[in-house]
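What follows is a set of notes on a single structure, which appears directly below.
Any read-out appearing in this document is the output of simple, stated calculations on the displayed coordinates, not a laboratory observation. Since we're looking at a predicted model, the values are computed, not measured. Every residue, glycine among them, receives a Cβ derived from its backbone with ideal geometry; neighbour counts consider all protein chains shown.
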């Protein structure tokens, strides 16, 4: 099984920097060889479009890409897998992120009825930049109106599509399904046990004690096991690609595809979705608090303006006091409000 990219030396601590330093307009020889063997047309242009725990490239060809859903597509997406664990809640150190795990996750999603990009090729790059043993995945390009951080579906439509995706994934039990090589936990107790094992290996005594209390609380509350399902772990407005639906009622949007399956795992869906719900409430509460803070700051600014006028009137009588007040006014700082996100 291919594992994620192995940086040399200290680069292991700076995987994002190593990915950022990779060439932005060329791809590894192994990827070009894979494209040629699969009958892809001539590669016309390469552009690195995103770097996080992985590097994503947009590939433009001189003709239609084979095996894509749309026969008119002349594009594909290349992903170089940089991180073995990423930053998701559910993970297993013995089941790192790999091209094969992504392929298995997308196949399971398709079986659940979820629209995902077809995987056109997978493989391993021996060396590229400062990285070695880099798994890669080539996906079909999805035509969509969604642009991360810029264009997303209206909130009501986005939540409807999000809810439908959750329903599809949660309805597909994987109790008797082989899900290798994805991280898998049969229930919440298995996941807590895995975390406890890692904490013990790291000699993190306080964490071991906290996890022991957590397990006791779960059992005390009589938490019942539910069948494990496929969990995406990153259902946000940048990964749920949507477009206006010409066949639907006015204002309706449709799902184009759910992308970015590298963090997928199998387990109790409540471990992920409950956390997402809490995050959403937290974000909304923060927005309300920030709005209140902003209103308070506006009121304070008005008061400061009134004080400033009084200080200006007193300026003729006491120059030193006016300077002090001006300095105090310079210390008033306005807080920014957070952008509301459509994420649960």
Starting from the Cα coordinates of region 6-140, work out the convex hull volume and express it per residue in Å³. 112 Å³
In nm, give the distance between the simple-model label positions of residue 58 and residue 160, each being 7 Å from the Cα along the Cα-to-Cβ direction. 2.9 nm
